[in-house]
Amino acid sequence: MMKALQYRRVGRAPEVVEIPKPEPGPGQVLVKVTAAGLCHSDLAVMGWPEDQFPYALPMTLGHEGVGTVAALGAGVTGVSEGEAVAVYGPWGCGGCHSCAEGKENCCPHAAGLGILPPGLGSPGALAEYVLVDSPRHLVPLHGLDPLQAAPLTDAGLTPYHAIRRSLPKLLPGSTAVVIGVGGLGHLAVQLLRALSPARVVALDVSKEKLGLAAEMGAHETLLSDGEAAARIRELTGGTGAEVVLDFVGAGTTLAVAAASVAVAGDVTVVGLGGGTLAVGFGGGLPFEVSACFPYWGSRTELMEVLELARQGHVSCHVEIFTLEQAPEAYERLHAGEINGRAVVLPHA
Ligand code: NAD
Ligand code: ZN
């Protein structure tokens with residue numbers, strides 16, 4: 001048996017329960033979880049109404065996991081027992097063009113084949129053990145601290161993927177705006193600093209989060225209010241920001257994004273805040289703006305973001321919890337009280 005944090009009934013808080021320890025079937029790998037991060041997306045999932053809930057319940061949560069290889073299913077090669085690994089979450093079919101490029105987050109077949117990420121449909125990493133469907137979805141840590149690596153599998157990978165698409169626009173003299181300096185946002189600030197010469201402007205509703213943004217290398221920090229777009233225009237001599245990354249995605253923050261992006265800039269909506277952006281003539285965006293709502297990242301991008309951490313370019317600000325404390329940690333995340341990322345140690 002093992003302990004796991006499960007979302008069991010729609011609308012109820014998740015609970016720590018005892019469930020059978022899984023056995024790896026052919027091709028699968030069992031990972032003993034060292035650390036697992038808590039993502040705001042889990043709160044979005046736990047907020048969905050029953051008639052629209054897409055996954056089977058009970059469901060073990062946790063889509064940011066690292067651990068050590070505990071057992072190999074029949075036929076598995078390329079990983080060995082005891083090896084420290086990060087779990088790549090957006091599992092694809094493995095055989096299509098996207099997957100061959102490592103872009104399993106864009107696999108067009110996964111949903112149809114019922115292939116779901118751990119913690120988002122498949123049993124997740126907020127447990128003592130997690131089953132991984134293929135060794136392809138494991139990336140060696142090569143000495144990286146597991147506490148750091150766990151959040152990087154989503155809170156690091158997702159902004160890395162989002163920022164990479166905009167790198168050609170992040171030149172000396174450019175401005176990048178980060179809206180929402182939480183788990184993803186505080187890593188986005190560091191990634192922007194590591195990958196580009198752009199000036200970084202961070203927005204949040206919390207002064208504490210803005211303090212963290214400044215510590216992480218943001219050049220300017222602004223309260224996210226009705227004045228924010230005008231302040232960004234001012235800071236950019238009227239032209240606006242070349243790149244706006246919205247880690248909230250609410251109607252209000254998207255309005256700030258639309259009002260502060262430059263002509264031919266990028267608006268990237270990462271947050272699941274439920275807002276939408278009108279794209280088209282008459283929609284209010286400057287000409288030539290490109291908008292995108294990216295999903296997670298590719299396998300090679302996960303390797304790259306782990307390498308950036310090994311080189312010391314990014315480090316996650318973490319708050320540590322036991323599995324028993326995880327429900328309370330989700331409550332604190334919901335209340336906006338986690339600075340950086342909440343990370344659970346299931347064996348603590
Ligand atoms: P988080 O709770 O750690 O951080 C959210 C931050 O936004 C907090 O600092 C909060 O103070 C701030 N905030 C809230 N309202 C704001 C406002 N109006 N203006 C400015 N800041 C505001 O959340 P997280 O785990 O970093 O996730 C961020 C978002 O990204 C969530 O919506 C999550 O679901 C989403 N997400 C998307 C993907 C993807 O693949 N697209 C992947 C992971 C997470
Ligand atoms: Zn996530």
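Annotations
- Test: residue in the stretch 62-70 that is touching a Phe, Trp or Tyr at 6+ places or on another chain (Cβ under 6 Å) and within 16 Å of ligand 1 (Cβ to nearest atom): no
- Checked against the criterion of being within 16 Å of ligand 1 (Cβ to nearest atom) and out of contact with any His (no Cβ under 6 Å at 6 or more places or on another chain), the candidates Gly47, Gly25 yield just one match: Gly47.
- Candidate set: the stretch 284-329, residues that are more than 16 Å from Val139 (Cβ to Cβ) and without any contact (Cβ under 8 Å) to a residue 12 or more places away in the chain; chosen: the one farthest from ligand 1 (Cβ to nearest atom): Gly312
- Selection from the stretch 281-309 of residues that are over 21 Å from Ala241 (Cβ atoms) and more than 16 Å from ligand 2 (Cβ to nearest atom): Phe281, Gly282, Arg299, Thr300, Met303, Glu304, Leu306, Glu307, Leu308, Ala309
- The stretch 142-246 holds helices (runs of 4 or more DSSP H) entirely within its bounds, and those carrying 3 or more residues that are farther than 27 Å from Leu285 by Cα and in contact (Cβ under 8 Å) with a residue 40 or more places away in the chain map to 146-151, 183-195, 207-215.
- Scanning the stretch 210-236 for residues that are open to solvent by 20 Å² or more (accessible area, probe 1.4 Å) and over 21 Å from Ala262 (Cα atoms) yields Gly211, Ala214, Glu215, Met216.
- Residues satisfying the stated conditions in the stretch 240-267, i.e. buried (at least 24 other Cβ atoms within 10 Å of the Cβ) and either closer than 23 Å to His334 by Cα or within 14 Å of ligand 1 (Cβ to nearest atom) (or both): Val244, Leu245, Asp246, Phe247, Val248, Leu254, Val256, Ala257, Ser260, Val267
- Note on the stretch 321-348: residues that are of a type in the set (Asp, Glu) and assigned to a helix (DSSP H, G or I) amount to 2.
- Hits in the stretch 55-67 - residues which are open to solvent by 20 Å² or more (accessible area, probe 1.4 Å) and touching a helix residue (DSSP H, G or I) at 6+ places or on another chain (Cβ under 9 Å): Tyr55
- The residue list Gly78, Gly73, Gly92, Gly114 contains one member that is in the same structural domain as Val16 (by TED's automatic domain parsing) and crowded, with 21+ Cβ neighbours inside 10 Å, which is Gly92.
- Any hit, the stretch 306-320, residues being more than 15 Å from the chain's Cα centre (by Cα), of a type in the set (Val, Ile, Thr) and assigned to a loop (DSSP other than H, G, I, E, B): no
- Just one residue in the set Arg341, Arg332, Arg299 is among the charged types (D, E, K, R), closer than 30 Å to Thr60 by Cβ, in the same structural domain as Val31 (by TED's automatic domain parsing) and under 16 Å from the mean Cα position of the chain (by Cα); that residue is Arg341.
- Selection status of Glu301, in a strand (DSSP E or B) and buried (at least 16 other Cβ atoms within 10 Å of the Cβ): no
Each row is one residue, and each column tells you yes or no for (1) open to solvent by 50 Å² or more (accessible area, probe 1.4 Å); (2) under 22 Å from Ala348 (Cβ atoms).
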residue	(1), (2)
Tyr88	no, no
Ser98	no, no
Tyr129	no, yes
Ser134	no, no
Leu141	no, yes
Asp145	yes, yes
Leu152	no, yes
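- Selection status of Val270, farther than 18 Å from Ile179 by Cα and among the hydrophobic types (A, V, I, L, M, F, W, C): no
- Test for Leu126: is it closer than 17 Å to Ala35 by Cβ, within 16 Å of ligand 1 (Cβ to nearest atom) and not polar (S, T, N, Q): yes
The values are calculated or read from the model by the stated rules, or taken from the named source; none is laboratory data. Predicted model, so just to flag it, every value in this text is computed and none were measured. Note that we place each Cβ from the backbone using ideal geometry, even for glycine, and neighbour counts take in every protein chain shown. Side chains included, ligands, DNA and RNA excluded: accessible areas come from the protein's heavy atoms. Shrake-Rupley method; radii C 1.70, N 1.55, O 1.52, S 1.80 Å.
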